[in-house]
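Remarks on the structure that follows.
What follows draws every value from the coordinates through simple rules; no lab data is involved. Keep in mind that what you see is a predicted model, and the values were worked out from it rather than measured. Every residue, glycine among them, receives a Cβ derived from its backbone with ideal geometry; neighbour counts consider all protein chains shown.
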Amino acid sequence: MKRNKSIIATAVLFMSISLISINAFGQQQVKPWPVPDEFKNMKNPVAKGEASNKAGMVLYTKYCASCHGKTGLGDGVKSRTLKDFAGDFSGSYYQDQTDGEHFYKTRVGRGEMPKYEGKLTDDDIWNIVNYMRTFKK
Ligand code: HEC
């Protein structure tokens, strides 16, 4: 009898642990963020390549890495203080979006994601958008 009780207690303990980890994983999901069509289909005016990646890297490191992490995994030093997960830029959820979607979200911001319109020029943002493509796994 005593033995059965401890088996049940162990099972309950494991169940709670797995529920807690499912919940923690749930918080890693990014809420859908609709982007107007004119931005979604916007043509990136800045050519991709080494020069753009270099310019983008300097800006990304200065303005974005504190939250998004050096390689875009959402693990920057500030990420622990954020309520929302900043996203994993190496994965398909991010990489399957158009350049225009990345441009729009960076320009406009939402919640804890700052708005960069007025802080960075459009060309700066496109360079960062190009650089963030290099995070693709
Ligand atoms: C203070 C922390 C912080 C900084 C700094 C920051 N971001 Fe973010 N960013 C976030 C958070 C949090 C989200 C998720 C917002 C949401 O989904 O509501 C996000 C979301 C994004 C998204 C949308 C990702 C997706 O998968 O749809 C893009 C693109 C983005 N950020 C680009 C940038 C760029 C580029 C910079 C620098 C110029 C930057 N961010 C700086 C916190 C930050």
Next item on the list: Count charges around Gln95 for me, please; just the other residues with Cβ under 12 Å from its Cβ, Lys/Arg as +1, Asp/Glu as -1.
Entry: -1
Check: Using the per-residue mean of other Cβ atoms lying within 10 Å as a proxy for protection, in what order, highest first, do the peptides 34-45, 66-77, 121-132 fall?
Finding: 121-132, 66-77, 34-45
Item checked: Filter on Lys43/Lys136; Lys40/Lys83; Lys78/Lys119 - keep pairs with C-alpha separation over 25 Å -> Lys40/Lys83
Next item on the list: Using DSSP to define loop residues, name the GluC sites (Glu not before Pro) in segment 84-128 whose beta-carbon has at most 14 other beta-carbon atoms within 10 Å.
Entry: Glu112
Check: Counting other C-beta atoms within 10 Å, which of Arg110, Arg133, Arg3 has the fewest, and how do the rest follow?
Finding: Arg3, Arg110, Arg133
Check: How much net charge surrounds Met113 when only the other residues with a Cβ under 15 Å from the Cβ of Met113 are counted, with Lys and Arg +1 and Asp and Glu -1?
Finding: +3
Note to self: Give me log10 I(q)/I(0) at q = 0.10, 0.13, 0.18, 0.19 Å⁻¹ for segment 23-137, Debye formula, one equal scatterer per alpha-carbon, no solvent.
What the structure shows: -0.27, -0.46, -0.92, -1.03
Notebook entry, point to check: Going by how many other Cβ atoms sit within 10 Å of their own, how do Phe135, Phe103 line up, fewest first?
Noted result: Phe135, Phe103
Check: What does the charge count near Met42 come to, summing +1 for each Lys or Arg and -1 for each Asp or Glu among other residues with Cβ under 13 Å from its Cβ?
Finding: -1
Margin query: Could you tell me the calculated FRET efficiency between Ser66 and Gln95, based on Cβ-Cβ distance and R0 = 22 angstrom, to the nearest 0.05?
Written below: 0.50
